């Protein structure tokens, strides 16, 4: 893939991610399982993994796959390299996950309760938290 193709691919994924958010905004009161479909696709588009990954729901795994793809290494190689690169313990995958959660909050104009943020380990829990925020429901 040349630079122009890569650029167009990334732009396309950004636009598709935005379409997922726009749909969620327009249909705030959809059922939680339907919301998960849009949240999951949003994550895959944001991580440039759409069409390449399915049935992987753990956010750390998705972030690690995204980092590995970006630097053209296997997931295992990327993890090994990334863990050595930071003296503060933060990895590129961790940063990606934090930025993803921040983007969702900003895009949907919601705020995740701090006590729930640490519990967001996968796309299903993420969807559950987003669902409650969009529909004004308290945590179970």
request  = Would you please report the Å³ per residue occupied by the convex hull of the alpha carbon atoms in region 1-61?
outcome  = 82 Å³
task = Any chance you could run the full-extension gain for residue 2 through residue 103? It's 0.36 nm times the residue separation minus the Cα-Cα distance, nm to one decimal.
result = 33.5 nm
query = In percent, how large is the relative contact order of region 3-131, given Cα pairs closer than 8 Å and 6 or more residues apart?
reply = 26 percent
query = Where does the chain land at 222 nm, in deg cm²/dmol rounded to the nearest 500, when only DSSP H runs of n ≥ 4 count, each adding -39500 (n - 2.57), divided by all residues?
reply = -22500 deg cm²/dmol
ask   = Against the longest principal axis of the chain, how steep is helix 75-85, in degrees 0 to 90 to the nearest 10, with axes from Cα atoms?
value = 80 degrees
key: Protection-proxy order for peptides 94-104, 126-136, each taking the mean of Cβ atoms within 10 Å per residue, highest first   = 126-136, 94-104
note = The ratio Rg/Rh over the Cα atoms of the chain, Rh being the Kirkwood inverse mean 1/r radius, stands at 0.98
query = Of the listed peptides 14-20, 105-111, what is their order by residue-averaged count of other C-beta atoms within 10 Å, with the highest listed first?
reply = 14-20, 105-111
key: Estimated FRET transfer efficiency (residue 90, residue 31; beta-carbon r; R0 35 Å; 0.05)   = 0.45
query = At a Förster radius of 35 Å, what calculated FRET efficiency corresponds to the Cβ-Cβ distance of residue 125 and residue 72, to the nearest 0.05?
reply = 0.70
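Computed from the coordinates by the stated procedures, all read-outs in this text should not be read as laboratory data. Predicted model only: the values in this text are computed from it and were never measured. All Cβ positions, even for glycine, are placed from backbone atoms using ideal geometry, and neighbour counts span all protein chains on display.
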